[in-house]
Amino acid sequence: MARDDGLIGEPELEFRAARLLRLDRSIIVEVVKAKVIVMPKETVLDPQGAAVREAMQHLGFKAARDVRIGRYLEIELEGDAAPQEEKLRELCHELLSNPVIEDYRLEMPDEKQNEKR
């Protein structure tokens, strides 16, 4: 079956700091993944986490002392990630998290790790 998604290789393969190659009219574009983790601040109550902890204990898992529920995002970036980091941090602060009640962690791809793949 012919592929028309423009990807070279298997689409199921995923790399930690993904360096996928996409063919676009004979131009190869590097794609890397930035990861964003948004969690409630430690000082903020997490009722959803508390409900999950209670359910875990009800199901026999008594070792769970605390459960905190957040969000995990993977953002594919075209080209070099370094010049885009400042804008991504701004977006994390203004769009992806509520800085009053949430903290975020932005994980940018490591260039040395990418070179090994």
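Values in this text are rule-based calculations from the coordinates and carry no lab data. Just so it is clear, the model here is predicted, and its values are computed rather than measured. Ideal geometry is used to build each Cβ from the backbone, glycine not excepted, and the neighbour counts take in all protein chains shown.
Averaging the sequence gap over all C-alpha pairs within less than 8 Å and six or more residues apart, then dividing by the number of residues, gives region 33-116 a relative contact order of 47 percent.
When the Cα positions of Ala81, Ala63, Gly49 are compared along the charge dipole of region 43-96, Ala63 comes out farthest toward the positive end, with charges on each C-beta of Lys, Arg, Asp and Glu. Pairs of Lys residues in region 33-116, spaced 8 or more positions apart or belonging to different chains, with C-alpha separations under 23 angstrom: 8 in total.
Summing charges over neighbours of Ala50, with a neighbour being any other residue whose Cβ is under 10 Å away from its Cβ, gives -1 when K and R count +1 and D and E count -1. Computed from the Cβ-Cβ distance with R0 of 30 Å, the FRET efficiency linking Ile69 to Asp110 stands at 0.60.
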